[in-house]
Amino acid sequence: KAGVTQTPRYLIKTRGQQVTLSCSPISGHRSVSWYQQTPGQGLQFLFEYFSETQRNKGNFPGRFSGRQFSNSRSEMNVSTLELGDSALYLCASRGDTNNSPLHFGNGTRLTVT
Amino acid sequence: GIQVEQSPPDLILQEGANSTLRCNFSDSVNNLQWFHQNPWGQLINLFYIPSGTKQNGRLSATTVATERYSLLYISSSQTTDSGVYFCAVAPYSGGGADGLTFGKGTHLIIQP
């Protein structure tokens, strides 16, 4: 079974631009969540989608948004990029039951200059 | 929100040594997972363990939910065990729909 796939692996953007990151979950997983990892703040929850609906959202500004498609693939978008948005963005998927473990992709490393 | 504290923050051991990593959390949880992040940044799920004890090879974990802590044991360490170990929890009050709150991790270095 293929794991969680994230594209692209690396991105360099300029302040003020916007960016879209993509995530394909493990086949059969309908839950996809996104996390931001920075040296200062560690790993922080962004949002979770299940069957195309946002189920939960972390404490991030509205510039961070996401969506999920009918095939469970997910995208997250960051608009009006700031230097502080430089981070490793990790996507994870899990099975439907609450006791399903999270499986992470390799992440997208975003650098904002 | 729920607080997660991991200790020690850093640990340097010789190959073959055993270690115990601790995770304390501030509220009742219905979800607790341990992860290993390797030097290339990949996060690997080690255990889903909101309560009880589990073992997988040289690794085992115990969560005492009533006392709000979890322990990860690594026996006969190998250099490939190096990396950062994270504990992540979701509070019981969230009904399972909350995202995970991560601790700051334990940075483990295994020297040959």
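The values are calculated or read from the model by the stated rules, or taken from the named source; none is laboratory data. Quick caveat, the model's predicted, so the values are computed rather than measured. All Cβ positions, glycine included, derive from the backbone under ideal geometry; neighbour counts span all protein chains shown. Just the protein is used for accessible areas: all its heavy atoms, side chains included, with ligands, DNA and RNA removed. Shrake-Rupley method; radii C 1.70, N 1.55, O 1.52, S 1.80 Å.
In this structure, is B:SER28 at positive phi and either polar (S, T, N, Q) or within 10 Å of another protein chain (Cβ to nearest Cβ) (or both)? Walk me through it before giving the result.
On the way: at positive phi: no; either polar (S, T, N, Q) or within 10 Å of another protein chain (Cβ to nearest Cβ) (or both): yes.
Here the answer is no, as B:SER28 does not meet what is asked.
Could you tell me whether A:SER33 is away from every other protein chain (no Cβ under 12 Å), out of contact with any His (no Cβ under 6 Å at 6 or more places or on another chain) and among the hydroxyl-bearing types (Ser, Thr, Tyr)?
Numbers: away from every other protein chain (no Cβ under 12 Å): no; out of contact with any His (no Cβ under 6 Å at 6 or more places or on another chain): yes; among the hydroxyl-bearing types (Ser, Thr, Tyr): yes.
When the stated conditions are applied, A:SER33 does not pass them.
Only one of (1) part of a strand (DSSP E or B); (2) within 26 Å of A:GLN41 (Cα to Cα) is not met by B:LYS54, so which one is it?
Unmet condition: (2).
I need the strands (runs of 3 or more DSSP E) fully contained in the range B:1-45, keeping only those with at least 1 residues that are at pLDDT below 95. Show your work before the answer.
Working: elements: B:4-7, B:10-14, B:19-25, B:29-37.
Because the criterion is at least 1 residues that are at pLDDT below 95, the strands (runs of 3 or more DSSP E) in the range B:1-45 that meet it are B:29-37.
Tell me, which residue of the range A:32-48 that is of a type in the set (S, T, N, Q) and surrounded by fewer than 21 Cβ atoms within 10 Å (Cβ to Cβ) is farthest from the chain's Cα centre (by Cα)? Working first, answer last.
Kept after step one, since they are of a type in the set (S, T, N, Q), are these residues of the range A:32-48: A:33, A:36-38, A:41, A:44.
Filter once more, keeping what is surrounded by fewer than 21 Cβ atoms within 10 Å (Cβ to Cβ): A:37-38, A:41, A:44.
Working: A:GLN37: 11, A:THR38: 14, A:GLN41: 16, A:GLN44: 11 Å.
The qualifying residue farthest from the chain's Cα centre (by Cα) is A:GLN41.
Of the residues B:LEU71, B:LEU32, B:LEU59, B:LEU46, which single one is open to solvent by 20 Å² or more (accessible area, probe 1.4 Å) and touching a Cys at 6+ places or on another chain (Cβ under 9 Å)?
Details: B:LEU32 fails: open to solvent by 20 Å² or more (accessible area, probe 1.4 Å); B:LEU59 fails: touching a Cys at 6+ places or on another chain (Cβ under 9 Å); B:LEU46 fails: touching a Cys at 6+ places or on another chain (Cβ under 9 Å).
After applying the criteria, what remains is B:LEU71.
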